[in-house]
Every structure is written in structure tokens, then in C-alpha cells.
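Values in this text are rule-based calculations from the coordinates and carry no lab data. Everything numeric in this text was worked out from a predicted model, so none of it was measured. Neighbour counts are summed over all protein chains in view; Cβ atoms, including those assigned to glycine, are modelled from backbone coordinates with ideal geometry.
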Amino acid sequence: MAVLLDFEKPLEELIEQRDKAQETHDKGKVDMSDTITQLNKKLTTIKKDLYSDLSGWQKVQISRHPERPYTLDYINAMTKNFVELHGDRNFGDDKAMV
């Protein structure tokens with residue numbers, strides 16, 4: 001399951017219900033497509049409400065989310081032959097910079 005922030009906890013139960021319904025549907029036991037569609041619509045509505053009025057701290061939490069992609073993730077998706085360029089090594093490399 002994805003890492004949820006504290007203000008996203010209301011989504012947790014709906015996500016679990018949707019995942020269980022999807023698992024049941026995938027196993028072919030019961031046709032759960034209507035239930036999955038309804039849960040996805042409900043999740044979308046709640047997400048819109050949650051993210052429409054974020055506080056400053058909540059925006060910081062999103063920007064520091066542990067599953068947020070890093071620059072190297074984008075670079076590796078765009079190219080296979082990435083070579084990091086280094087400076088003159090008088091001082092050292094900044095590990096935060098790619």
C-alpha cells in the first residue's frame with residue numbers, strides 16, 4: 001500500500017475496499033466492476049475535497065513525500081546513457097545535485 005500522510009487517512013478505508021474488490025474481481029469470483037467504479041468515483045471526490053484547501057504544512061508534507069520521484073528517476077526514464085558531469089574537484093561534489 002502507498003504511504004499515506006496524516007491528512008490522507010480518510011482515504012485509507014476506501015482504498016482498502018477498492019483493492020479488495022479489485023482482487024475479488026481479478027480472481028474471477030464475482031463481477032465487481034460496478035463496485036470498483038463507484039469506489040473510484042468516491043475516492044476522486046474525496047481527494048478533490050482534501051487537496052482543494054491544503055494548509056502550508058500539508059503542502060510541505062506532500063513536497064517531502066517519501067514516494068515522490070527524484071530527479072534521477074526522471075533521467076533514467078528519459079535516457080539509458082546518462083553520465084553525470086563533475087566539476088574540477090577542487091572542493092567536492094554536491095550529492096544533492098545531479
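Once fully extended, how much extra length lies between residue 93 and residue 53, figured as 0.36 nm per residue of separation less the alpha-carbon to alpha-carbon distance? Write out the running numbers ahead of the final one.
Details: separation 40, 0.36 × 40 = 14.40 nm, distance 3.96 nm.
Full extension of this stretch gives 10.4 nm more.
P(r) tail for segment 1-84: Cα pairs beyond 20 Å make up 54% of the total.
Give the range of the longest stretch in the chain that excludes all chymotrypsin sites (Phe, Trp or Tyr not before Pro) found in loop regions by DSSP and having at most 13 other beta-carbon atoms within 10 Å. Walk me through the intermediate numbers first.
Numbers: sites that count: 70, 82, 91.
The answer is 1-69.
Taking the longest Cα principal axis of the chain as reference, the axis of helix 10-27 is set at about 70 degrees.
Relative to the current alpha-carbon distance between residue 83 and residue 29, full extension at 0.36 nm per residue lengthens the span by 14.5 nm. Computed over the chain with a Gaussian network model linking Cα atoms closer than 10 Å, the most mobile of 29, 80, 59 is 80.
Scalar couplings 3J(HN,Hα) for segment 51-68, obtained by applying the Karplus form with A = 6.51, B = -1.76, C = 1.60 to θ = phi - 60°, are 8, 6, 9, 7, 7, x, 5, 5, 5, 5, 4, 5, 5, 9, 4, x, 9, 5 Hz; x denotes Gly and Pro.
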